[in-house]
Amino acid sequence: MQSKATLQIHINISLQSLAMFLLKAWRSSAFGVYGYLNFTKSGFLEHSKNFNPEDMARRIDGKNCIVTGANSGIGYATAHGLASRGATVYMVCRNRGRGEDAVSKIQSSTNNQNVHLEVCDLSSVHDVKSFTSRFKEKDIPVHVLVNNAGILENTRVTTSEGYEMNFAVNVLGTYGMTELMLPLLEKSQPDARVITVASGGMYTSPLTKDLQSDEFVLMQFTSGEFSGVEQYARNKRVQVALTEKWAEKYGDKGIGFYAMHPGWAETPGVATSLPSFSKSFEGKLRTSEQGADTVIWLALQPKEKLVSGGFYFDRAEAPKHLPFGATIGSHAAIDSIVDTLNSFI
């Protein structure tokens, strides 16, 4: 009897493992095909045939915009695009020297001197709290908060505060920045909006309560080792689910919440974190400006044209789940995740 029960357990485990393997293979394959057809430069050029040029002609003089991770890539292109349309832009950067260079370039190229540097390391809860507390002293309305800062660290790195690095920046930093900025966002209602730069990589992952890859490393990652790519995908899934939750929770405060996918863009971050991918798609990746296009579009549109809690790609609302990906039901875990994040902040 004991050997029969043991055999049954082994068979069940093997079937579960096989099912998980097949599901992950399907998600990755579907994402790869969907991405190749839509996320590259050619996808942007095809989709841009339906863009309305007037949507980007709007000015936002006098509006205060915060952009995190703004010294390079999509963050820099976003800050530049907002500044060129008259906004007062606060560029949140980790490195002061690079931040100062970026601010100077944007001021010069846009002829807008209302571009300012704010130094903050998004991987540090202490830094995020310090920055938001300091910024609140300005007592100004924040019209647009762009949560762009992100990282894909391929090895498991723990911050000085004890958090896994990808999670610390992509999830905890984004959550803390948004929640702590709510009083200033409320000052600019009904026009306030939060735009979070997510990733199509989230299509390969369901939402999971294991935010720092502790249990997940043992149970899910291929070969049982830490995978920065998989952790990044899971982080981005959290961002999309958080956007839904924020829209539901703060819908009566006059703040719109939107997540977006920039496509596959050729940025310094991608070149560093995914060198093989960057080399394989050389010449086919989007520019930083193309990646930032929908961020700027979301910042400029009348809110009645947008769906709070929505996920956007190339100036249109996009699906949050791929067919047969088994990720839809996982969003029910968001309340538990929010409780966990609140305990960290």
(message) With +1 on the Cβ of every Lys and Arg and -1 on the Cβ of every Asp and Glu, and nothing else charged, how large is the dipole of the chain about its Cα centre, in debye rounded to the nearest 20?
(response) 420
(request) Can you pull the one-decimal nm distance between simple spin-label points at ASP191 and GLU317, each 7 Å off the Cα toward Cβ? (result) 2.4
(request) Within the set of other residues whose C-beta is less than 15 Å from the C-beta of ILE66, count the net charge using Lys and Arg as +1 and Asp and Glu as -1. (result) 0
(message) Cut-off under 25 Å on the C-alpha distance; same-chain residues fewer than 8 positions from LYS245 excluded. Which lysines are left, in chain and number order?
(response) LYS129, LYS136, LYS187, LYS209, LYS236, LYS253, LYS303, LYS305, LYS320
(request) Quick one: which residues, 5 or more positions from TYR90 or on another chain, have an amide H under 5 Å from its amide H? H modelled 1.01 Å from N in the peptide plane, none for Pro or chain starts. (result) CYS65, ILE66, VAL67, HIS116
(message) Among (i) 62, 45, 36; (ii) 79, 44, 39; (iii) 57, 45, 38, only one was calculated for this model; which label is it, if the read-out is Cα extents along the principal axes in Å?
(response) (ii)
(request) Take the alpha carbon gyration tensor of the range 292-342, find the square roots of its eigenvalues, order them as a ≥ b ≥ c, and report rounded if a/c is under 1.5; if not, report prolate when a/b exceeds b/c, else oblate. (result) oblate
(message) If you take every DSSP beta bridge fully contained in the chain, what fraction is antiparallel? Give it as a percent rounded to 5.
(response) 10
(request) Starting from the Cα-Cα distance between ASN52 and ARG134, subtract it from 0.36 nm times their residue separation and give me the gain in nm to one decimal. (result) 25.6 nm
(message) Just the number please: accessible area per residue for the chain, 1.4 Å probe, all protein chains included, in Å².
(response) 45
(request) With a point put 7 Å past each Cα toward its Cβ, work out how far SER160 is from THR287 in nm, to one decimal. (result) 3.9
(message) Quick test of the membrane-span-like rule: which DSSP H helices of the chain reach at least 20 Å along their long axis (C-alpha atoms) with mean Kyte hydropathy at least 0.0?
(response) 2-38
(message) Classify the range 59-127 from the C-alpha gyration tensor, please: rounded if a/c falls under 1.5, else prolate or oblate depending on whether a/b exceeds b/c.
(response) prolate
(request) Let me know the longest stretch in the chain that avoids all GluC sites (Glu not before Pro) found in a DSSP loop with at most 13 other C-beta atoms within 10 Å. (result) 1-136
(request) Just subtract the alpha-carbon distance of SER276 and ALA326 from 0.36 nm times their residue separation and send over the number in nm, one decimal. (result) 15.2 nm
(message) Which residue, PRO141, THR272, SER29, has the largest displacement toward the positive end of the dipole of the chain when charges sit on each Cβ (Lys, Arg +1; Asp, Glu -1)?
(response) SER29
(message) I'd like the carbon and sulfur percentage of the solvent accessible area for the chain, probe radius 1.4 Å, heavy atoms only, ligands and nucleic acids excluded.
(response) 54
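The values are calculated or read from the model by the stated rules, or taken from the named source; none is laboratory data. Predicted model, so just to flag it, every value in this text is computed and none were measured. Every residue, glycine among them, receives a Cβ derived from its backbone with ideal geometry; neighbour counts consider all protein chains shown. These accessible areas exclude ligands, DNA and RNA; they are computed on the full protein's heavy atoms, side chains included. Shrake-Rupley method; radii C 1.70, N 1.55, O 1.52, S 1.80 Å.
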